[in-house]
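The values are calculated or read from the model by the stated rules, or taken from the named source; none is laboratory data. Fair warning: this is a prediction, and the values are worked out from it, not measured in the lab. Note: ideal-geometry Cβ built from the backbone for every residue, glycine included; neighbour counts use all protein chains shown.
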2 protein chains.
Amino acid sequence: MSESSADSGAATRTELIAAGRKLFGRRGFDGASIRAITKEAGANLGAVTYHFGSKHGLYSAVLEEGLRPMAARVQAAAASEGTALERMLRIVEAYFEHFQARPDLPHLLLQEVAAGKQPPDVVVDILRGIRETIASLQVEGEADGSVRPGHPTLTALTVVSQPVFLTLVSPLLRVVGPVDLSEPKARRTALEHTLAFVRAGLEPREGSKS
Amino acid sequence: MSESSADSGAATRTELIAAGRKLFGRRGFDGASIRAITKEAGANLGAVTYHFGSKHGLYSAVLEEGLRPMAARVQAAAASEGTALERMLRIVEAYFEHFQARPDLPHLLLQEVAAGKQPPDVVVDILRGIRETIASLQVEGEADGSVRPGHPTLTALTVVSQPVFLTLVSPLLRVVGPVDLSEPKARRTALEHTLAFVRAGLEPREGSKS
DNA sequence: GATTCACTCATACGTTCGTATGAATAGCCT
DNA sequence: AGGCTATTCATACGAACGTATGAGTGAATC
């Protein structure tokens, strides 16, 4: 009974990815054991090897599963209506939303990104796409006058850094500062603060050229 | 022979901390083995246990040794001359410099910070101090008119996020975008971009009150 | 010159890791 | 019903891990 016929395998697969995202994110690749992951997923010890070939296979799958919908959201926001600046702010918002649903993703990504070693090709391709999308919004924004001139790639980084960093640090915020981002009200304040900061950082100065 | 008398122990201690910063930063706590660390430091397998009691002891020492001079730099910049905005920008610069000397520190910190578990008390205390320093600069900046009104703690985060994130991501930038932050010229460009962005994000709009 | 002390070193122990293996189980087709 | 295929499960294996232990070493003290 319970989950019946055709998806008995797919369900385990999904559970393993969710458990992997959680534990890889919290403990790192080496810190999260297959035994802990399969236990969290309610699966057998052999399930990771069976479904993903190896621990690294699961890791890549977790990364891809987290990144791909994020990239899709970024593309959607970039293709929406409004000035380039407005669309960039929409990207910031999309990040916040995506990370709220998957709070372990930022750490997972940075763990991969900052390790010095090069991430799997899938990850690099996706990240490259996101960078290009935001960078061309910067170029477009200079043309339509909604964004101040600047280095496209660095702007993309700066914009992305805000939601990523805030999500990363949020568990510590409760301890280090009097802010608890698990409360909806505080989260809204943080989003508004970020949007205002990014907008101010990107917008042309009022008195400058037309 | 070689390093002679009184510091034969202190030298090993220092080497272990440097090796720990490098390997903990690159591979995470669990990914960096005592065997790898002692080998990197040119020390014996037992050296970590002898000098720091345990692997966790070394880890705490590494964190403290990296954070304490950073906090000192922040305090110094905050106590320097100029408007509150100028001092905040000086803090950004100080971060960049400190991270250039210790490129593994940001990852090490975030690893600790984002893991969900609470870092050692020493770390929390230092981070709290940094947050308070920047947050009170925000308050001061509102008073002297150099900074636009905003949430002090969130502003502190936003400001710090720039150098941290950029340093974190820099190894990936070579792959994902056409930027190589190991070149001094690119590093200068990145610093200037960041300073301009933070300044624009914090400064009051030109046409506003006062 | 013997003793002491801080430190280094080689080795051993028990645990946990990722993976491999082969037997059980259950839905599906004819 | 009976065999096929996909999945789950219990167990085993060798490697690597953190730590403990005790012997070795060399400069400082008397």
Pairs, please: C-beta under 8 Å, at least 6 apart or cross-chain, first residue within 7 Å of DNA strand D (Cβ to nearest atom) and in region B:44-55, second not β-branched (Val, Ile, Thr)?
-> B:LEU45/B:ARG35; B:VAL48/B:LEU16; B:VAL48/B:SER54; B:VAL48/B:LYS55; B:VAL48/B:GLY57; B:VAL48/B:LEU58; B:LYS55/B:PHE29
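From the list A:LYS22, A:LYS39, which residue is within 16 Å of the chain's Cα centre (by Cα) and more than 9 Å from DNA strand C (Cβ to nearest atom)?
A:LYS22
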Checking B:ALA77 against (1) in contact (Cβ under 8 Å) with a residue 24 or more places away in the chain; (2) of a type in the set (A, V, I, L, M); (3) not assigned by TED's automatic domain parsing to the domain that holds B:GLY31, which test does it fail?
-> (1)
Any chance A:SER33 is within 14 Å of chain B (Cβ to nearest Cβ), over 14 Å from A:THR133 (Cβ atoms), free of Cβ contacts under 8 Å to residues at least 24 places away in the same chain and of a type in the set (Ser, Thr, Tyr) | yes
Qualifying residue in region B:13-28 (condition: within 14 Å of another protein chain (Cβ to nearest Cβ), out of contact with any Phe, Trp or Tyr (no Cβ under 9 Å at 6 or more places or on another chain), within 21 Å of B:GLY129 (Cβ to Cβ) and touching a residue at least 12 places away in the same chain (Cβ under 8 Å)) | yes
The correct count of residues that are at the interface with chain A (Cβ under 9 Å from one of its Cβ atoms), among the basic types (Lys, Arg) and outside any helix (DSSP H, G or I) in region B:159-210 is 1
Residue pairs meeting the criteria (Cβ under 6 Å; at least 6 apart or on separate chains; first at pLDDT 90 or above, in region B:146-175; second not in a helix (DSSP H, G or I)) = B:SER146/B:THR83; B:ARG148/B:PRO204; B:THR153/A:GLY177; B:THR153/A:VAL179
How many residues are modelled with pLDDT under 80 and in a helix (DSSP H, G or I) when one looks only at region B:114-141?
-> 1
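Can you report the number of residues in region A:71-115 which are farther than 18 Å from A:LEU23 by Cβ and not hydrophobic (A, V, I, L, M, F, W, C)? Break it down into steps so the answer makes sense when it comes.
Restricting attention to region A:71-115, the residues satisfying the condition of being farther than 18 Å from A:LEU23 by Cβ are A:71-98, A:100, A:113-114.
Subsequent filtering for residues that are not hydrophobic (A, V, I, L, M, F, W, C) retains A:73, A:75, A:80-83, A:86-87, A:90, A:93, A:95, A:97-98, A:100.
Number of matching residues: 14.
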Residues (touching a Lys or Arg at 6+ places or on another chain (Cβ under 8 Å) and within 11 Å of chain A (Cβ to nearest Cβ)) located in region B:118-143 | B:ILE126
Which listed residue, of A:GLN162, A:GLN118, is surrounded by fewer than 17 Cβ atoms within 10 Å (Cβ to Cβ) and in the same structural domain as A:ALA84 (by TED's automatic domain parsing) | A:GLN118
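Let's see how each residue does on (1) within 29 Å of B:GLU112 (Cα to Cα); (2) in a helix (DSSP H, G or I); (3) within 16 Å of DNA strand D (Cβ to nearest atom):
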residue	(1), (2), (3)
A:ARG21	yes, yes, no
A:PHE29	yes, yes, yes
A:ALA36	yes, yes, yes
A:LEU58	yes, yes, yes
A:LEU63	yes, yes, no
A:MET70	yes, yes, no
A:VAL74	yes, yes, no
A:SER80	no, no, no
A:LEU85	no, yes, no
Quick check: is even one residue across region B:45-57 within 16 Å of DNA strand C (Cβ to nearest atom), in contact with a Lys or Arg (Cβ under 6 Å, 6 or more places away or on another chain) and within 14 Å of chain A (Cβ to nearest Cβ)?
-> no
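Listed here are the residues, each with its yes/no results for (1) among the polar types (S, T, N, Q); (2) touching a Cys at 6+ places or on another chain (Cβ under 7 Å); (3) under 14 Å from B:LEU202 (Cα atoms).
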site	(1), (2), (3)
B:MET70	no, no, no
B:MET88	no, no, yes
B:VAL92	no, no, yes
B:TYR95	no, no, no
B:THR133	yes, no, no
B:ASP144	no, no, yes
B:SER170	yes, no, no
Exactly one of B:ARG68, B:ARG90 is closer than 19 Å to B:THR14 by Cα and more than 14 Å from every other protein chain (Cβ to nearest Cβ), and that residue is B:ARG68
